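Chemist: My questions all concern the structure below.
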């Protein structure tokens, strides 16, 4: 493989990693490692990668009386 082919191949890999959001996933898991500080980091990461439905958290902000509870309940029912 010459230098030009190698450069094109590396570009394709970079594009694929961006499309699959690998960098964002790595960043998220690294933050979780720092927060949770598990005894076995490798097992912790493997368990996270095996999760099929990761937990998503939504925060509702607003002035008092803006019906945050109702909106949160509606979204919870939907999902």
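Chemist: Name, by its number, the condition in (1) loosely packed, with under 10 Cβ neighbours inside 10 Å; (2) assigned to a helix (DSSP H, G or I); (3) under 22 Å from the mean Cα position of the chain (by Cα) that does not hold for residue 59.
Modeler: Exception for residue 59: condition (2).
Chemist: Within the bounds of the stretch 66-78, is there any residue that is surrounded by 10 or more Cβ atoms within 10 Å (Cβ to Cβ), touching a residue at least 12 places away in the same chain (Cβ under 8 Å) and in contact with a helix residue (DSSP H, G or I) (Cβ under 8 Å, 6 or more places away or on another chain)?
Modeler: No, the conditions are met nowhere in the stretch 66-78.
Chemist: With respect to the numbered conditions (1) surrounded by 10 or more Cβ atoms within 10 Å (Cβ to Cβ); (2) at positive phi, which one is the sole condition not fulfilled by residue 22?
Modeler: (2)
Read the figures in this text as sums done on the coordinates, not as results from a lab. Since the model is a prediction, treat every value here as computed from it, not as a measurement. Virtual Cβ from ideal backbone geometry, glycine too; neighbours counted across all protein chains shown.
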